[in-house]
Amino acid sequence: MNHPASPADRLRATLTGLLEGLPPKQAAGAVERLIATYRGATPTDAPILRDRADVVAYAAYRMPATFQAVRAALAAFADAVPQGWAPESHVDVGGGTGAATWAVTDTWAGVRPVTVLDWAEPALALGREIAAASPELREAQWRRARIGAALTIESTDLVTVSYVLNELDEAARAALVDAAATAAGSVVIVEAGTPAGYARIIEARERLVAAGLRVAAPCPHSAACPIVPGADWCHFSARVSRSSLHRQVKGGSLAYEDEKFSYVAATRLPAVSAPARVVRRPQIRKGQVLLDLCETDGRLARTTVTKRHGDLYKAARDADWGDAWPPPGSPGSPGSRV
């Protein structure tokens, strides 16, 4: 029996097809130049993606990773909002070729009004072309808009902003987040999982809370982040299948890589946050698992789960970085503080 391809599979196949018309050396060269531009410390004042070759190469290289990072953030958000809820409309700000729109359709099936705002016309054009492979996105609107202080966002259920804040100065970031908070019932923002990316997420988180939204994920609270600035940063990881273009650019042979990302999901819905969130890779030792948690009281704590905790110990061995703890349906964690 043939099963319909998932949005992730359709996206991967479509991107592979696009690359067939682009010489490998040209694609790799475009990606390397664009990576250097995106890693620059100064926000750009012109579209980074200049033409179709740029957009095809960078979409093939970055869309799968952006998709997986946003999909992971949306999964945590979906766990927190009322069961059965799904956005009836979605605006993707600075969405480029639309990776976040694919992640939304993978999280909540069905057709809904979707608008992608970006100021790089080649990215919008390619995003529209790629979206033809998705039944849920064929009617999406792709609109050119300058992402910054003058941005207007129409009222919508969900706004996503992924890997955009790094391209803006402080004033433009604040204006974008405020516009999203005003327009949307829920806002999900994703940035690179670096200290600088985390700092931008914390800045956005504070503005969303000040605007009256509550944090649904990853934090189990809307209080101040307990991490000391400069001492550490909160980020997570999503596994991404590597294409031949990835291997060519990075010179690696592994079939996958891990995309590190930071995020915040905030909402006006009656969300129920996780009891706690695993904020580091669990440490599995003989007969015990050490879990570093961010907890509802706004503290960071380490919990030890041992064999004597029975089913909870089995759950701890299966727990992953970024998971809610304890798992849904299990009793409160009896782990000992260390």
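The values are calculated or read from the model by the stated rules, or taken from the named source; none is laboratory data. Since the model is a prediction, treat every value here as computed from it, not as a measurement. FYI the Cβ positions are ideal-geometry reconstructions off the backbone, even for glycines, and counts take in every protein chain you see. Accessible surface is based on the protein model in full, side chains and every heavy atom, while ligands, DNA and RNA are left aside. Shrake-Rupley method; radii C 1.70, N 1.55, O 1.52, S 1.80 Å.
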Study note, to complete from the structure: With only helices counted (DSSP H, runs n ≥ 4, each -39500 (n - 2.57)), the per-residue ellipticity at 222 nm for the chain, to the nearest 500, works out to -11500 deg cm²/dmol
Exercise for review: Per residue of the stretch 170-182, in order, report the coupling 6.51 cos²θ - 1.76 cosθ + 1.60 (Karplus, θ = phi - 60°) as ³J(HN,Hα) in whole Hz, putting x for Gly and Pro.
Suggested key: 4, 5, 5, 4, 4, 5, 5, 5, 5, 5, 5, 5, 6
**Study point:** Protection proxy ranking of 194-207, 154-167 - average other beta-carbon atoms within 10 Å, highest first
**Key:** 154-167, 194-207
Check your understanding: Kirkwood Rh, Cα Rg: Rg to Rh for the stretch 109-261?
Key -> 0.99
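Over the residues of the stretch 51-103, compute the C-alpha Rg and express it relative to 2.2 N^0.38 Å. Could the numbers behind the result be given before it?
Working: Rg = 13.3 Å, N = 53, 2.2 N^0.38 = 9.9 Å.
Against the empirical 2.2 N^0.38 Å value, I get 1.34 for the stretch 51-103.
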**Study point:** Given (1) 20.7; (2) 19.9; (3) 21.6, the label whose value is Kirkwood radius over Cα pairs in Å derived from this model
**Key:** (1)
Exercise for review: Express as a percent, rounded to the nearest 5, the fraction of DSSP beta bridges in the chain (both residues included) that run antiparallel.
Suggested key: 65
Point to revise | Cα Rg over Rh - the stretch 171-308, Kirkwood | key: 1.04
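With the other protein chains left in place, how much accessible area per residue, in square angstrom, belongs to the chain at a 1.4 angstrom probe? Intermediate results must be reported in sequence, preceding the final value.
Details: 15560 Å² over 338 residues.
Here the per-residue accessible area is 46 Å².
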Review point. Could you work out Rg/(2.2 N^0.38 Å) for the stretch 64-144, with Rg from alpha carbons only?
Key: 1.05
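So what's the projected area for the stretch 172-215, the Cα convex hull averaged over all directions, in nm²?
The directionally averaged projection comes out at 2.9 nm².
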Exercise for review: Rank by packing, highest mean first: peptides 72-81, 262-271, 299-308, with packing defined as the count of other Cβ atoms within 10 Å averaged across residues.
Suggested key: 262-271, 72-81, 299-308
Exercise for review: Quick one: how many lysine pairs does the chain have with C-alpha atoms less than 27 Å apart and a gap of 8 or more or different chains? Give me the count, please.
Suggested key: 6
Exercise for review: With only alpha-carbon atoms counted, please give the Rg and Dmax of the stretch 262-320, in Å.
Suggested key: 13.4, 43
**Study point:** Distance cut-off 18 Å, percentage of C-alpha pairs in the stretch 135-195 lying past it
**Key:** 39
